[in-house]
Each structure stands twice: as C-alpha cells, then as structure tokens.
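Notes follow the structure.
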Amino acid sequence: MSPSSDDPRARRSRAACLAAATELLVEGGPERVTHAAVAERAGVGRATVYRHWPDLQSLLLDALATDARPLLTLGDGPVRDQFVAHLAEQAAWLNQPVSASVIATVIERSERDEGVRRIREEMFGRADEHLTGMLTAAVERGELRPGIEEHARELVSRILGPLLFQRFMLGVRLDEDIVVRTVDAALAPWLPNA
C-alpha cells in the first residue's frame, strides 16, 4: 500500500503497525483498531499509519489478511494423512486468541463488506478445486469410494464445522486426537468398505 514499499523503514513501520493492529483486534475486537491506537501501540506517528492506510477499512482488512490463513491447504499423499497433518498444524493457530478474533471479525463483517468477503473466501472457500483433485486421486488409489469428489464442500464442513464449534463455542483446546477423530468420522462414509 505504501508508495515507498522498497524503503526498509517503511516496511518496518508497516510490520509494526500490523502487529499492533492484530494485538488490538485480539484485545477488543475490530472497534479497537483505530489509526490513533495503532500508532500509539506501534510507537509510530499517526501520520505514518495514515500514510500506509489512508482509511480505517484498509487498515483492518490488511490486519485481518495478515492473520487469516486458509484452513485447508493439503499436499500430496494419502488424503486422511494430509487432513490430519494439516489440521493438526492449524489447531495450534486455532488455539491462539488471535484466531478467535480474526474468525469472528471475518464472519461478522463478510456479510456486508466485499473486502472481508474475499478474506473469508481465502480462509474457507478456495480449497474446493484443489480438494476435488485430491479426492479424485484418492478414489483412483482406492482410498475412498467414487462420488466423494462431488461432495468436497460437504466434506470440508463435516471436518471444519466440528473443529471450529469445539474450539470457539465449547472452548475446547484442539489437539491431534480431536483432529484424528473428526477427520475419521467425516471420511468414514466414503471408505471403500463402508
């Protein structure tokens, strides 16, 4: 955003401001993220914050985008192992206070803000095409039954839904055992012998 993005000082001040915005988001939600509060927390002048983000919406969007992460990005290999490995890593982030603030803000604001809607899509929706390809490969390897490819979104909701509910509604700290049970329950109807 900054016109002098090659300037190391500008990069440092931008990083400090984003870190400050994230802290404020965690402490009090999006209402706490203001130019003045970010400047004070980051130890920079208010003009510096305005130079990077002329309006409050762009500051909040960048703070959210910095901390938002796709919840499903899988590699190659057996589909179950990929789900478990990736989601066990994600559990560490989901157990941090920043994840609750980011996810709550993205969910709430995406209903009326196109920029936040794009962040939501990055977090929850971009995995479809990649996941469908992985599921097709899993079917070809005999790991899963044919037809699962058309149910990629349903599969994602059967995995992420329970994990997010347990973490944010019940306050359960996620661990690998919870991830394994959730993945296994979601994949069970699609196993070859099911």
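The values are calculated or read from the model by the stated rules, or taken from the named source; none is laboratory data. In this text, all values refer to a predicted model and were calculated from it rather than measured experimentally. Note that each Cβ is placed from the backbone with ideal geometry, even for glycine, and that neighbours are counted across all protein chains shown.
Are any residues in segment 17-32 touching a residue at least 24 places away in the same chain (Cβ under 8 Å), assigned to a helix (DSSP H, G or I) and surrounded by fewer than 18 Cβ atoms within 10 Å (Cβ to Cβ), and if so, which ones? Lay out the reasoning, then the answer.
Within segment 17-32, the first condition is being touching a residue at least 24 places away in the same chain (Cβ under 8 Å), and the residues that meet it are 17-18, 21-22, 25-26, 29-30.
Of the ones still in play, those that are also assigned to a helix (DSSP H, G or I) are 17-18, 21-22, 25-26, 30.
Within segment 17-32, Val26 is the sole residue that qualifies.
Is it the case that some residue within segment 133-140 is assigned to a helix (DSSP H, G or I) and modelled with pLDDT under 85? Yes, that holds for at least one residue.
For His52, the conditions (1) out of contact with any Lys or Arg (no Cβ under 8 Å at 6 or more places or on another chain); (2) more than 21 Å from Pro162 (Cβ to Cβ); (3) not assigned by TED's automatic domain parsing to the domain that holds Arg167 are fulfilled apart from (1). Total residues in segment 135-174 satisfying the condition of being surrounded by 13 or more Cβ atoms within 10 Å (Cβ to Cβ) and among the charged types (D, E, K, R): the figure is 6. When Ile178 is tested against (1) touching a His at 6+ places or on another chain (Cβ under 9 Å); (2) within 22 Å of Trp93 (Cβ to Cβ), only condition (1) is not met.
Looking only at segment 33-51, decide whether some residue is closer than 30 Å to Asp177 by Cα, outside any helix (DSSP H, G or I) and small (Gly, Ala, Ser). Within segment 33-51, none of the residues are closer than 30 Å to Asp177 by Cα, outside any helix (DSSP H, G or I) and small (Gly, Ala, Ser). Would you call Thr73 among the hydroxyl-bearing types (Ser, Thr, Tyr), closer than 20 Å to Thr182 by Cα and either modelled with pLDDT of 90 or more or in a loop (DSSP other than H, G, I, E, B) (or both)? When the stated conditions are applied, Thr73 passes them.
Of note, Gly171 does not satisfy the criterion of being within 18 Å of Gln82 (Cβ to Cβ), out of contact with any Leu (no Cβ under 8 Å at 6 or more places or on another chain) and either modelled with pLDDT of 90 or more or assigned to a helix (DSSP H, G or I) (or both). Without any contact (Cβ under 8 Å) to a residue 60 or more places away in the chain, hydrophobic (A, V, I, L, M, F, W, C) and under 17 Å from Ser99 (Cβ atoms): is that true of Phe168 in this structure? So Phe168 does not fit the description; no.
Among the residues of segment 146-154, are any within 26 Å of Ala21 (Cβ to Cβ), of a type outside the set (Gly, Ala, Ser) and in contact (Cβ under 8 Å) with a residue 12 or more places away in the chain?
At the first step, the residues of segment 146-154 found to be within 26 Å of Ala21 (Cβ to Cβ) are none.
No; the residues of segment 146-154 include none that is within 26 Å of Ala21 (Cβ to Cβ), of a type outside the set (Gly, Ala, Ser) and in contact (Cβ under 8 Å) with a residue 12 or more places away in the chain.
For every residue, the table says whether it meets (1) outside any helix (DSSP H, G or I); (2) touching a residue at least 40 places away in the same chain (Cβ under 8 Å).
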{"site": "Ala91", "(1), (2)": "no, yes"}
{"site": "Ile103", "(1), (2)": "no, yes"}
{"site": "Gly142", "(1), (2)": "yes, yes"}
{"site": "Arg158", "(1), (2)": "no, no"}
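Glu114 - would you say it is within 16 Å of the chain's Cα centre (by Cα), of a type in the set (Asp, Glu) and closer than 30 Å to Arg32 by Cβ? Judged against the criteria, Glu114 is not a match.
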